[in-house]
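Values quoted throughout were computed directly from the atomic coordinates according to the rules given, and no laboratory measurement underlies them. In this text, all values refer to a predicted model and were calculated from it rather than measured experimentally. Virtual Cβ from ideal backbone geometry, glycine too; neighbours counted across all protein chains shown.
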Amino acid sequence: MKKTNHKKVGKEIWFYARVILIVLVLLFPFIIMLSISFKATAETIGYPPTIIPRDWEIQHFIDIFNENIFPFMKYMKNSLYIALTTSVIAVILGILGGYALSRLKFKGKSAISEMFFLVYMFSGILLIVPLFKMLSAVGLSNSREAVIICMIVQTLPTAIYMTRSYFDTIPAELEEAGRVDGLSKMGIIFRIVVPLSMSGIISVFVYAFMIAWNDVLFASIFIDSPDLMTIPIGLNSLFNTPDYIWGRMMAASLITSLPIVIMYGFSQHLIRSGSTDGGVKG
């Protein structure tokens with residue numbers, strides 16, 4: 001019996017040791033970024049390298065909020081505008097498209113559903129030329145709206161697929177009850193289906209936000225003006241300066257990652273707290 005217990009404890013120790021090792025490997029780049037952002041430049045390039053800074057400094061964080069050094073807030077505002085607008089539109093269109101594929105009957109429904117998988121066979125770079133020609137023709141080159149349209153094109157297939165998967169799990173009897181109560185089609189969608197699928201809709205919002213927030217490809221093609229640059233493009237320009245400072249770059253990268261972390265944590269809190277539980281409302 002003791003031998004069996006020892007064997008079980010040994011397996012548990014080995015399991016948790018592997019989990020801790022994997023977590024450390026995954027978090028190692030973030031730990032290095034955090035460490036360098038609080039180091040003085042001399043310590044960053046000094047030898048031997050250190051993980052924990054000998055002298056903690058916040059000068060790099062002060063520098064990135066200095067408009068004369070790095071217009072961080074301007075880039076942040078542009079990125080938030082693009083990411084939030086993309087997310088809202090992707091969610092709205094995803095709800096309508098997902099409901100149509102889940103509940104409505106029309107010709108070509110199966111073909112349209114299969115086309116969403118076909119989209120992932122092509123990388124975003126293949127869409128640049130046709131999108132650039134179309135958006136330039138209507139006067140949207142060098143604009144945040146052009147990037148938003150590109151991001152919607154990128155995220156909408158996944159948004160529709162995800163919402164449809166959630167809508168498929170909702171019993172049709174609930175919608176019939178809504179019709180009996182006199183709800184319109186839009187009333188059924190937004191008063192019955194959407195509340196019951198809120199966890200999935202939050203996931204779609206976070207997904208679209210992350211894709212738009214981290215975009216480099218389309219923003220670098222469609223935006224030329226420094227006043228319209230997004231955070232990833234701004235960081236790239238910061239990395240390419242001849243007198244770059246590692247601590248300043250890591251501090252900017254750290255601050256840039258915070259909205260994604262905060263949004264992910266907030267969405268998980270909403271889902272777990274039960275505030276996303278839906279219901280039929282009369």
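Restricting region 64-162 to chymotrypsin sites (Phe, Trp or Tyr not before Pro) that sit in a DSSP loop and have at most 13 other Cβ atoms within 10 Å of their own Cβ leaves F106, Y120, F122. In straight-distance terms, cross-link reach from K77 covers every one of the aspartates and glutamates whose alpha-carbon lies under 17 Å from its own, apart from those fewer than eight places away in the same chain; here that gives E67, E145, D215, D224, D227. To the nearest 10 degrees, how steeply does helix 198-213 sit against the main Cα axis of the chain, on a 0 to 90 scale? Tilt relative to the chain: about 40 degrees.
Might you report the magnitude of the Cβ-based charge dipole of the chain about its Cα centre, with Lys and Arg at +1 and Asp and Glu at -1, to the nearest 20 debye? Could the numbers behind the result be given before it?
Values: 23 positive and 18 negative charges, 247 e Å.
For the chain, the charge dipole is close to 1180 debye.
Any idea what the relative contact order of the chain is, in percent, if you count C-alpha pairs under 8 Å spaced at least 6 apart? The value is 30 percent.
Quick check: the angle from helix 144-167's long axis to the longest principal axis of the chain, C-alpha only, nearest 10 degrees? With both axes taken from Cα atoms, the answer is about 60 degrees.
Among the trypsin sites (Lys or Arg not before Pro) in region 1-86, those placed in a DSSP loop whose Cβ has at most 14 other Cβ atoms within 10 Å are R54. How big, in percent, is the set of alpha carbon pairs in the chain lying more than 29 Å apart? Of all Cα-Cα distances in the chain, 52 percent exceed 29 Å.
Would you please name the GluC sites (Glu not before Pro) within region 32-125 that are DSSP coil residues with at most 16 other C-beta atoms within 10 Å of their C-beta? Can you show the working numbers first?
Numbers: sites: E43, E57, E67, E114; in loops: E57, E67.
Within region 32-125, the qualifying GluC sites (Glu not before Pro) (loop, at most 16 other Cβ atoms within 10 Å) are E57, E67.
In degrees from 0 to 90, rounded to the nearest 10, what is the angle of the helix 72-103 Cα long axis to the longest principal axis of the chain? Around 30 degrees separate the two axes.
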